[in-house]
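Written out below as structure tokens is the structure these notes cover.
The values are calculated or read from the model by the stated rules, or taken from the named source; none is laboratory data. All of these numbers come straight from a predicted model, not from anything done at the bench. No Cβ is skipped: glycine too gets one built from the backbone with ideal geometry, and neighbour counts run over all protein chains shown.
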Amino acid sequence: MTTTSKPPLRHFLQFKDFSREELHYLFARARLIKEKFKRYEPHHVLFDRTLVMIFEKASTRTRLSFEAGFQQLGGSAIYLNTRDSQLGRGEPVEDSAQVISRMSDIVMIRTFEQNIIERFAANSRVPVINGLTNEYHPCQILADIFTFIEHRGSIEGKTVTWIGDANNMCNTWLQAAKALNFTVRVSTPPGYEVKPECADLRDSAHFEVVADPMEACKNANLVTTDVWTSMGYEAENEERMRAFSGWRVDAEMMKIAAPDALFMHCLPAHRGEEVTSDVIDGAQSVVWDEAENRLHAQKALMEYLLLGRQ
Ligand code: CP
Ligand code: NVA
């Protein structure tokens, strides 16, 4: 563990953990880090540091972007999963946090209930980052908003339409709307609505519900969706296929959106289920930029958590 001076201990467990001002700092920093990366300029600000990544669910983008990203910052990354560690054999989360955080500088966790990561963080000596829980996916939204800014400038005052399941992505978009002052319009099938306490909506003026998905896309600046069945909910798959069949983003929906509307999807996607091929592979889609920007946004995040403002 590195012992040089550190900023106060902070975690990124939910999007609302950071202020508007901090988020703007991160977007600016991600841009600079991305530019350096494109010029092949080293940015080894975390030389000799260690990131531990804990995965209790599958991943391609999150593992790759954290592991490659931390190496690009000069450090090394260790991958743990539930199957091969004591985490899967009942060692308490609190004990794991004590041990893991004594041997590393920063921890990223992908797990089930948000409560697990909150308990881990409460017992950790080092920053903890949420790499997806049932309730939230803050690193993805950081990358998505960075991507929106790259393509269209500030997201303030804009309308983001969410079509489909009120899942971890949707909850995080709703937290982001409040933090960055834009509106999220949500259209879900009956029975799959937003749970206000998850999205922290008690006093939000940044949230609209529109039952009809086509109507919800009207004049939107960004249309976004996600899988109908998230990881951990596989037993509900058949029932969900039936319930969500009218909530597929298609070319007609993109046509009713603003003329310069973007389409986003955090991936992995199921073409023909939540989105048609012509939309996800079409001119308005920025899904590959979203995926790449996980790398740059998270490098800015890890640098900030470990070193503070540069
Ligand atoms: N979007 C995202 O988090 O992808 P992975 O599940 O591949 O990490
Ligand atoms: N909502 C999806 C996102 C995957 C990156 C899930 O939780 O499985």
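The numbered conditions (1) at pLDDT 95 or above; (2) within 28 Å of Ser154 (Cα to Cα) are all true for Asp203 except (1). When residues in the stretch 141-155 are screened for being touching a strand residue (DSSP E or B) at 6+ places or on another chain (Cβ under 9 Å) and not in a loop (DSSP other than H, G, I, E, B), 6 of them pass. In the set (1) more than 16 Å from ligand 1 (Cβ to nearest atom); (2) surrounded by fewer than 18 Cβ atoms within 10 Å (Cβ to Cβ), Val52 fails one condition alone, (2). The single residue among Glu238, Glu273, Glu234, Glu290 that is within 12 Å of ligand 2 (Cβ to nearest atom), of a type outside the set (Val, Ile, Thr) and out of contact with any Leu (no Cβ under 9 Å at 6 or more places or on another chain) turns out to be Glu234. With a requirement of 2 or more residues that are among the hydrophobic types (A, V, I, L, M, F, W, C), closer than 25 Å to Arg240 by Cα and more than 16 Å from ligand 1 (Cβ to nearest atom), the helices (runs of 4 or more DSSP H) lying completely within the stretch 165-216 that satisfy it span 196-199, 213-216. Can you name the residue in the stretch 141-171 that is crowded, with 24+ Cβ neighbours inside 10 Å and of a type in the set (Ser, Thr, Tyr) and is also nearest to ligand 2 (Cβ to nearest atom) among such residues? Looking at residues that are crowded, with 24+ Cβ neighbours inside 10 Å and of a type in the set (Ser, Thr, Tyr), I get Thr147. Scanning the stretch 107-140 for residues that are part of a loop (DSSP other than H, G, I, E, B) and within 15 Å of ligand 2 (Cβ to nearest atom) yields Thr111, Phe112, Glu113, Gly131, Leu132, Thr133, Asn134, Glu135, Tyr136, His137. For the stretch 103-120, check the following and say yes or no: at least one residue is in contact (Cβ under 8 Å) with a residue 60 or more places away in the chain, within 16 Å of ligand 1 (Cβ to nearest atom), in contact with a strand residue (DSSP E or B) (Cβ under 7 Å, 6 or more places away or on another chain) and among the hydrophobic types (A, V, I, L, M, F, W, C). Scanning the stretch 103-120 turns up at least one residue that is in contact (Cβ under 8 Å) with a residue 60 or more places away in the chain, within 16 Å of ligand 1 (Cβ to nearest atom), in contact with a strand residue (DSSP E or B) (Cβ under 7 Å, 6 or more places away or on another chain) and among the hydrophobic types (A, V, I, L, M, F, W, C). Each residue in the stretch 184-219 was checked for being among the aromatic types (Phe, Trp, Tyr) and either surrounded by fewer than 16 Cβ atoms within 10 Å (Cβ to Cβ) or more than 16 Å from ligand 2 (Cβ to nearest atom) (or both), and 1 pass. Looking only at residues in the stretch 74-106 that are small (Gly, Ala, Ser) and outside any helix (DSSP H, G or I), which one is surrounded by the fewest Cβ atoms within 10 Å (Cβ to Cβ)? Only one residue fits best here, namely Gly90.
Applying the criterion of at least 1 residues that are basic (Lys, Arg) and surrounded by fewer than 16 Cβ atoms within 10 Å (Cβ to Cβ) to the helices (runs of 4 or more DSSP H) found wholly in the stretch 220-310 leaves 237-243, 251-256.
A single member of Leu64, Leu26, Leu46, Leu32 is within 16 Å of ligand 1 (Cβ to nearest atom) and at pLDDT 95 or above, and it is Leu64. Between residues in the stretch 245-263 that are farther than 23 Å from Ile141 by Cα and among the aliphatic types (A, V, I, L, M) and residues that are modelled with pLDDT of 95 or more and assigned to a loop (DSSP other than H, G, I, E, B), which pairs lie under 7 Å by C-beta distance while being six or more apart or on different chains? Short answer, once both residue conditions are applied: Ala251/Thr276; Ile256/Cys217; Ile256/Lys218. Here Leu174, Leu222 are screened, and the one residue that is more than 16 Å from ligand 2 (Cβ to nearest atom), of a type outside the set (Gly, Ala, Ser) and under 20 Å from Ile149 (Cβ atoms) is Leu222. Residues in the stretch 37-46: is at least one of a type in the set (A, V, I, L, M, F, W, C) and either exposed (fewer than 11 other Cβ atoms within 10 Å of the Cβ) or without any contact (Cβ under 8 Å) to a residue 24 or more places away in the chain (or both)? No, the stretch 37-46 contains no residue that is of a type in the set (A, V, I, L, M, F, W, C) and either exposed (fewer than 11 other Cβ atoms within 10 Å of the Cβ) or without any contact (Cβ under 8 Å) to a residue 24 or more places away in the chain (or both).
The one condition from (1) within 16 Å of ligand 2 (Cβ to nearest atom); (2) under 30 Å from Arg202 (Cα atoms); (3) not β-branched (Val, Ile, Thr) that Ser65 does not meet is (2).
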